[in-house]
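The values are calculated or read from the model by the stated rules, or taken from the named source; none is laboratory data. The structure displayed is predicted, hence computed values, not measured ones. So basically every Cβ, Gly included, is an ideal-geometry build from the backbone, and we count neighbours across all protein chains shown. Surface areas here come from the heavy atoms of the whole protein model, side chains and all, with no ligands, DNA or RNA. Shrake-Rupley method; radii C 1.70, N 1.55, O 1.52, S 1.80 Å.
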Amino acid sequence: MTPMTHHFLSLADLPGVQLGLVLAKAAELKKGPRMPAPSGFPIAGPLHGRRIALVFFNPSLRTRLSMEFAAHMLGAQAVALSPGADSWKLETRRGVVMDGDAQEHLVDAIRVIAEMSDAVAVRTFAGLRDVEEDRAEPILRAVAAESKVPVINMESAFDHPLQALADLLTLREELGRDLTGVPVTLTWAPHPKALPMAVPAAFLRGASRMGMDVRVAAPPGFELPAALLDEARAAMPQGGRIRTFENQADALRGSRAVYAKAWGSPLFYADAEAGLAARKRHSDWTTTEQKLALGDRAIFLHCLPVRRNVVVTDEVLDGPRCRVYQEAGNRLHTAAAVLLHLLGERK
Ligand code: CP
């Protein structure tokens, strides 16, 4: 019988104390001496000689940099592929007659990558047709089912656990290691595009695992799905809570951190024009200095990339309460901690 492969698809794959251990490892790696710059591959390190394939169906700056640098720092080699751009276009649907423009099927590509690699990291995409279908993560699950080596989620239809780890590390650095009961607001933000819910879902999952006092603010019609809120509540330890607000100011009042993020409403998945009009009706949800000041010395977080003066103003991003660059930098240390967790010596 084939043994179960240990994947990192969601924070739920770090149950119990494992989440805290990975965050502690990331903090330790951040404090530790910078690895000597190597002149070539491979370098000495705990993952010496390991090979990691990074498959990007969508563009990336932070995830690609952090995963490549983290692999290199640990002595592993990472190779990034972008299907349809620098490698074959992949068909993701099962059972179709492949007489279109996709040259290779996802399952064949993953089986081949797994033959050559010790781990495969993948960034998939949301269909934005059916929120329940996106929550079921059909592409990510297909990759995990076909791979005999660990799969790392580099953002999927409904999750971004690597981002959530960096968010949590930043919150711990700024607000203390024990985040139980600490008020934090996740606020919807305006955006010209209907974005997926991967980042807000991941942040909600992470903040609730920490037992924070989570306030989710969104205008009517843009609420996060009830099933996601229920899932987050079920994983929440004692001392935490999740509340939803339609009034942004009510949510922000007293918050120690404000996480702004745009997401699209499933009500408008079938009608892009109506969706855009609905988002425009809430253009006053941009995070400003005045709104941040409603918090209790609140810091500002965002996963990046961000649309300046749409999601958040220049003053906030360039101001003293902004922690988004520290948060992005933490992607490196949390990525390294995940690679060690999945591929380290004890594995
Ligand atoms: N936050 C984040 O995942 O950034 P990229 O899309 O640039 O990787």
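In this simple spin-label model, placing a label point 7 Å from the Cα along the Cα-to-Cβ direction at both Ala293 and Val112 gives a separation of 5.9 nm.
Each 20 Å bin from 0 upward holds the following percent of the Cα-Cα pairs of the chain: 30, 58, 11.
For the chain, the longest principal axis of the alpha carbon atoms and the long axis of helix 18-31 meet at an angle near 90°. Derived value for region 206-347: Kirkwood hydrodynamic radius 17.0 Å. Basis is the mean of 1/r over every pair of different alpha-carbon atoms. If you take every residue apart from His302 with its C-beta less than 11 Å away from the C-beta of His302, what net charge results, scoring Lys and Arg +1 and Asp and Glu -1? Net of charged neighbours comes to +2.
Considering only Pro220, Ser156, Thr288, the residue lying farthest towards the positive end of the dipole of the chain is Thr288, judged by Cα position with unit charges set on Cβ. Taking the chain as the reference, fit the longest principal axis to its C-alpha atoms, fit the long axis of helix 106-116 to the helix C-alpha atoms, and give the angle between the two in degrees, 0 to 90, nearest 10. Once rounded, the angle reads 60 degrees.
Phi angles across region 212-225 convert, under the Karplus curve 6.51 cos²θ - 1.76 cosθ + 1.60 with θ = phi - 60°, into 3J(HN,Hα) values of 6, 8, 8, 10, 10, 10, 7, x, x, x, 10, 4, 5, x Hz, Gly and Pro given as x.
Dipole magnitude for the chain: about 880 debye, using +1 per Lys or Arg Cβ and -1 per Asp or Glu Cβ, origin at the Cα centre. In straight-distance terms, cross-link reach from Lys148 covers every one of the lysines whose alpha-carbon lies under 28 Å from its own, apart from those fewer than eight places away in the same chain; here that gives Lys25, Lys89, Lys347.
Given a 1.4 Å probe and the protein chains as shown, Leu175 ends up with an accessible area of around 30 Å². Of the residues Thr244, Thr63, Thr92, the one with the largest accessible area comes first in the ranking Thr244, Thr92, Thr63, computed with a 1.4 Å probe on protein heavy atoms.
For the residue pairs Lys31/Lys261; Lys193/Lys261; Lys193/Lys291, the C-alpha atoms sit more than 20 angstrom apart in Lys31/Lys261; Lys193/Lys291.
Taken as Cα centroids, region 149-202 and region 281-326 sit 16 Å apart, rounded to the nearest whole angstrom. Using the rule -39500 (n - 2.57) for each DSSP H run of four or more residues, divided by the residues of the chain, the 222 nm mean residue ellipticity is -11000 deg cm²/dmol. Which aspartates and glutamates, if any, have their Cα less than 17 Å from the Cα of Lys30, not counting same-chain residues under 8 positions apart? Result set, ordered by chain and number: Glu68, Asp167, Glu173, Glu174, Glu327. Amide H contacts under 5 Å for His7: Val151, restricted to partners 5 or more places along the chain or on a different chain, H placed in the peptide plane at 1.01 Å from N.
What is the magnitude of the charge dipole of region 271-347 about its Cα centre, with +1 placed on the Cβ of each Lys and Arg, -1 on the Cβ of each Asp and Glu, and no other charges, expressed in debye to the nearest 20?
For this selection, approximately 240 debye.
Loop-located trypsin sites (Lys or Arg not before Pro) across region 57-133 with a Cβ neighbour count of 10 or fewer within 10 Å are Arg94, Arg129, with loop assigned by DSSP. Count Lys and Arg as plus one, Asp and Glu as minus one, and take only other residues whose Cβ is under 10 Å from that of Ala164; the net charge is then 0.
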